[in-house]
Amino acid sequence: MNPYEMFLKQVDEATPYLSVEPEYIEILKFPKEVLEVSIPLRLDDGEVKVLKGWRSHHNNALGPYKGGVRYHPNVTREEVIALSSWMTIKCATAQLPYGGGKGGISVNVRDLSPGETERLSRGYALAISRFMGTDIDIPAPDVYTNPQVMAWFVDTYEKIHGRSEPSCYTGKPVEAGGSLGRGDATSRGGMYVLREVLKQKGLIGKELKAAVQGFGNVGGFAHKLAVSELGIKIVAISDSHGGVYNPNGIDYYELRSHKSKTGSVAGFPGTEMITNEELMELDVDILIPAALEGVITDKNAPNIKASIVLELANGPTTPEADLILSEKGIEVVPDVLANAGGVTVSCFEWIQGRTGDYWTEEYVHQKLDEKLTIAFHEIWKIKEGNRIRMRQAAYVRAISRIIAAMRFKGIWP
Ligand code: NAD
C-alpha cells in the first residue's frame, strides 16, 4: 500500500462514524491540483542535472494550503499527494485556518554541496512561485529541509515579486522572520500530547523507557524533550546509518555532539549497535517513529512491545499494522495529532509575520500547549464515545470540520 492508498483507507475507516454527505468524502479523496516541475541544477563542476519536484494542493476549505517541502530520493508524486492529504487532516485536527499542501524534490541532498543545495532550493522556489503565497499556499520544512532552506525560498519569492512577504514560508530562521519556539515545536507538541495520554493511562511520573527512530529535527528534539519535560529515559535512537542502544539511557547532549563530529549516531561510545528494524521491536514503554513513513507494517507490528506508539513521523504505521497494534491493546497516537505542533507554531509564525507583533518563547509554548491539549481531549472523547482507535477519532473530528466548511461554501462551479 503506498502512502496515498493509506490515506484513502484511513478516510474509509472514519466514514462510518461521520454523518456527512458521501459527495464531500469523495472530493476529499483527490488533491485539488498538483504542480510538477523540472529544475535544471548547475553542479559545481559545470554539469547540468534536471531534477523533478512537485507541490500538491489537497484541500483548502478551511484556508490556504499548508505543508512542508521534502528533499529525499524516494519523493514521488504519489508521496507528495499523500503527505498533502494528511496535512488537510492535521490542520483541521489542530483547528488551524489552513488546508493541506505538500511539496518535494526527488534528490539526495547529501550528494550536493551547500552551493548546489542553495541553487536547487532557489530553482524550486522559482518554479512553484506562481502556485503559492501568504494567502494561497505556505510551505515549511520537512525531511532534509531546514530554516536555511526556508530563508533561500523566501528571498527568492520576495525578489521575484519585488516586495517583502515574510509569511509566504514558515520555519524560517528567527533572525530572518521566524518564530521563537518553531525549531522544536513538532517534538514539543508531541510531548504535550504524550503527557495527556500518560495522564489518561495513569502513567504520568512513572519510570518509562522509550525508543526513537530518527535523530533529525523531530527525533533529536523528541529525545531531548522526552527527558527534560516528562522524565522518560531514551534507551535507543537511530538514524539512516543504524541505531544505538543502552538500557540505562542515552544522554542527548553527548549523542548530539557525537553526531555532529561523525555524521551519525552509529558508534556512540557506551552503546550497543542495533538496526532500525531491531529498534522497533525493543522492550520499551513508548515507541517514537520520527523518520519516514511505512516503518510499522503487518510484518513487525506483531513483535512490537511498546504500549504506546507516538507517531512523530508522518504515516509511519500502515493500516494493517494499525489494526494489529489495536488488537494488541497498543495505543497509537496518530501523526495528525502527535506531530501537529510543527504546523501549529508555523501558524503562529505566519500570524507574527503578518502583524509584525513577535511573541516570546514562553507565550508560543503556552499557546501550543493549549491548542494541542484541547485537540487531544476532543479526540479522546470521540474515541471513548465510539470505542474506536485514536486515529479514527482524529479523522472523524477533522473531516467533520472540513466538510462543515465545504457544505456552507457549496460545490461550485
Ligand atoms: P530530518 O531531515 O531533520 O531528519 C530525518 C531523520 O530520519 C534523520 O535522522 C535521518 O537520518 C533519518 N532517516 C532517514 N532515512 C532513514 C531510514 N531509512 N531509516 C531510519 N532513519 C532514517 O527530518 P524531520 O524534520 O526530523 O522529519 C522527520 C519526520 O517527521 C518526517 O516523517 C516528517 O514528515 C515528520 N514531520 C516533520 C515536521 C517538522 O517540523 N520538521 C513536522 C511534522 C512532521
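Rundown of residues vs (1) surrounded by 17 or more Cβ atoms within 10 Å (Cβ to Cβ); (2) in the same structural domain as G216 (by TED's automatic domain parsing); (3) among the basic types (K, R), yes/no style:
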| site | (1), (2), (3) |
| --- | --- |
| Y98 | yes, no, no |
| R110 | no, no, yes |
| T117 | yes, no, no |
| F131 | yes, no, no |
| D135 | no, no, no |
Residue within region 176-197 that is over 27 Å from T93 (Cβ atoms) and not basic (K, R) present: yes
Elements of type helices (runs of 4 or more DSSP H) in region 1-111, at least 1 residues being in contact with a Ser or Thr (Cβ under 9 Å, 6 or more places away or on another chain) and within 16 Å of the ligand (Cβ to nearest atom): 3-14, 77-93
Residue check for V37: at pLDDT 95 or above, outside the structural domain of I105 (by TED's automatic domain parsing), closer than 20 Å to G100 by Cα and surrounded by 16 or more Cβ atoms within 10 Å (Cβ to Cβ): no
Scope region 162-183; condition away from the ligand (no atom under 16 Å from the Cβ) and touching an Asp or Glu at 6+ places or on another chain (Cβ under 7 Å); matching residues: S164, E165
Region 322-370: number of residues that are small (G, A, S) and outside any helix (DSSP H, G or I): 3
Residue within region 334-343 that is of a type outside the set (A, V, I, L, M) and surrounded by fewer than 20 Cβ atoms within 10 Å (Cβ to Cβ) present: no
Pair list, Cβ < 9 Å and 6+ apart or interchain, from region 137-165 residues that are of a type in the set (V, I, T) to residues that are away from the ligand (no atom under 15 Å from the Cβ) and assigned to a loop (DSSP other than H, G, I, E, B): I138/P64; I138/M132; V154/E165; V154/G177
Residue in region 204-213 that is surrounded by the most Cβ atoms within 10 Å (Cβ to Cβ), counting only those that are under 13 Å from V284 (Cβ atoms) and aliphatic (A, V, I, L, M): V212
Qualifying residues in region 138-161 (those that are hydroxyl-bearing (S, T, Y) and within 11 Å of the ligand (Cβ to nearest atom)) - the one nearest to F348 (Cα to Cα): T145
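The values are calculated or read from the model by the stated rules, or taken from the named source; none is laboratory data. Since this is a predicted model, take the numbers as computed values, not measurements. So basically every Cβ, Gly included, is an ideal-geometry build from the backbone, and we count neighbours across all protein chains shown.
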